[in-house]
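Trainee: Pasting a structure below so you can have a look.
The values are calculated or read from the model by the stated rules, or taken from the named source; none is laboratory data. From a predicted model like this one, the values you see are computed outputs, not experimental measurements. For neighbour counting, all protein chains shown are included, and Cβ atoms are generated from backbone atoms with ideal geometry for every residue, glycine included. Accessible surface is based on the protein model in full, side chains and every heavy atom, while ligands, DNA and RNA are left aside. Shrake-Rupley method; radii C 1.70, N 1.55, O 1.52, S 1.80 Å.
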Amino acid sequence: MVRRRSRSRDWEPPARPVWPGGGSSSRRRSSGGAELERLPANMAAAEQQQPLVEGSAGVGGSSPGSVPVLFCFSVFARPSTVPHGSGYEVLIQKFLSLYGDQLDMHRKFVVQLFSDEWSQYIDLPKGFLVGERCKVRLVPLQIQLTTLGNLTPSSTVFFCCDMQERFRPAIKYFGDIISVGQRLLQGARILGIPVIVTEQYPKGLGSTVQEIDLTAAKLVLPKTKFSMVLPEVESAIAEIPGVRSVVLFGVETHVCIQQTALELVGRGLEVHIVADATSSRSMMDRMFALERLARTGIIVTTSEAILLQLIADKDHPKFKEIQNLIKASAPESGLLSKV
């Protein structure tokens with residue numbers, strides 16, 4: 001009897017996947033955690049050794065008639081370990097830890113599991129947990145999806161970058177961005193959104209300007225690196241459950257803001273840059289930085305759009321407070337005419 005492999009519309013993957021090497025999960029029990037091995041990035045090197053995944057063409061490649069595979073690993077070989085009982089989110093984190101510096105985070109992707117029963121890779125079954133030796137791979141979707149940019153308070157963090165005293169005479173429209181930045185921080189306090197603040201070499205450039213109230217900030221850090229993505233910042237984000245979006249503002253647009261935004265996107269976070277709270281010494285530098293960032297899929301927006309998107313509804317319990325913040329602002333920032 002020949003088993004048909006065509007999938008009907010209501011087809012669902014087997015509830016208990018069959019693992020590589022034969023046998024069902026009820027008969028094969030490995031000891032300890034499930035372990036991972038990185039697939040060589042060099043395709044020629046990969047072809048010279050036993051492939052971890054048959055039919056794949058290595059990192060970023062594809063073979064005729066096959067699905068292009070980004071990265072794959074085998075959940076049974078040293079040196080890295082995924083504990084038994086791990087699910088989809090842990091596998092995603094493992095992929096990011098192994099290949100995060102190589103992934104294009106604007107591509108949407110899925111994790112697939114190799115099934116002996118179907119002799120091919122299938123999407124992870126609903127409720128999948130690592131319980132046996134298995135092979136999984138990361139596959140990009142064929143259609144590049146547009147970033148929607150939805151914001152919710154529970155999944156958002158505010159980043160305030162280098163709003164320091166020594167920049168006051170040099171940064172264009174610095175008074176405007178201070179005012180808007182303070183309004184954003186007030187909105188974050190009202191909505192319970194964590195705030196992370198950095199100061200570039202404060203010993204030489206001074207502390208954050210007094211007009212900006214940092215009493216409710218989760219973290220205030222000195223830095224010499226241009227990007228805000230410091231180890232302490234990454235640890236702070238990891239401690240906040242469900243973070244998906246970063247609202248970023250400060251100075252300078254073409255240096256610290258740009259480098260921070262690109263690093264955050266590379267780590268899988270969605271970035272919203274607040275145009276009326278972001279500036280540089282040169283308007284040309286600022287303009288080209290915002291244009292470049294927008295082309296990468298980073299969202300360039302305004303403070304009012306951010307605040308109203310976060311509450312989303314006139315019936316939101318904090319609507320009046322946010323509305324009063326907006327009403328207290330100038331009708332139009334001079335900086336907005338330079339976006």
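Trainee: Checking the condition under 17 Å from L191 (Cβ atoms) and open to solvent by 30 Å² or more (accessible area, probe 1.4 Å), which residue from H316, H272, H254 passes?
Mentor: Exactly one of H316, H272, H254 is under 17 Å from L191 (Cβ atoms) and open to solvent by 30 Å² or more (accessible area, probe 1.4 Å), namely H316.
Trainee: Also, I was wondering about something else. Hey, K203 hits all of (1) within 21 Å of R281 (Cα to Cα); (2) buried (at least 21 other Cβ atoms within 10 Å of the Cβ); (3) out of contact with any helix residue (DSSP H, G or I) (no Cβ under 9 Å at 6 or more places or on another chain) but one; which does it fall short on?
Mentor: (2)
Trainee: On to the next question. Looking at the range 117-126, can you tell me whether even one residue there is in a loop (DSSP other than H, G, I, E, B) and at pLDDT below 80?
Mentor: There is at least one residue in the range 117-126 that is in a loop (DSSP other than H, G, I, E, B) and at pLDDT below 80.
Trainee: Keeping to the range 153-205, report how many residues are closer than 30 Å to H316 by Cα and acidic (D, E).
Mentor: Residues meeting the conditions: 1.
Trainee: Further, regarding this structure: Scan the range 257-269 residue by residue and report those that are open to solvent by 10 Å² or more (accessible area, probe 1.4 Å) and part of a helix (DSSP H, G or I).
Mentor: Those that are open to solvent by 10 Å² or more (accessible area, probe 1.4 Å) and part of a helix (DSSP H, G or I): Q258, Q259, L262, E263, V265, G266.
Trainee: Moving on. Give the residues of the range 226-237 that are open to solvent by 30 Å² or more (accessible area, probe 1.4 Å) and within 11 Å of D162 (Cβ to Cβ), sorted by residue number.
Mentor: F226
Trainee: Would you confirm whether any residue within the range 285-293 is in contact with a helix residue (DSSP H, G or I) (Cβ under 8 Å, 6 or more places away or on another chain), at pLDDT 95 or above, open to solvent by 60 Å² or more (accessible area, probe 1.4 Å) and in a loop (DSSP other than H, G, I, E, B)?
Mentor: No, the range 285-293 contains no residue that is in contact with a helix residue (DSSP H, G or I) (Cβ under 8 Å, 6 or more places away or on another chain), at pLDDT 95 or above, open to solvent by 60 Å² or more (accessible area, probe 1.4 Å) and in a loop (DSSP other than H, G, I, E, B).
Trainee: A further question follows. Given the criteria part of a loop (DSSP other than H, G, I, E, B), without any contact (Cβ under 8 Å) to a residue 60 or more places away in the chain and within 26 Å of A294 (Cα to Cα), does V229 qualify?
Mentor: So V229 passes the test.
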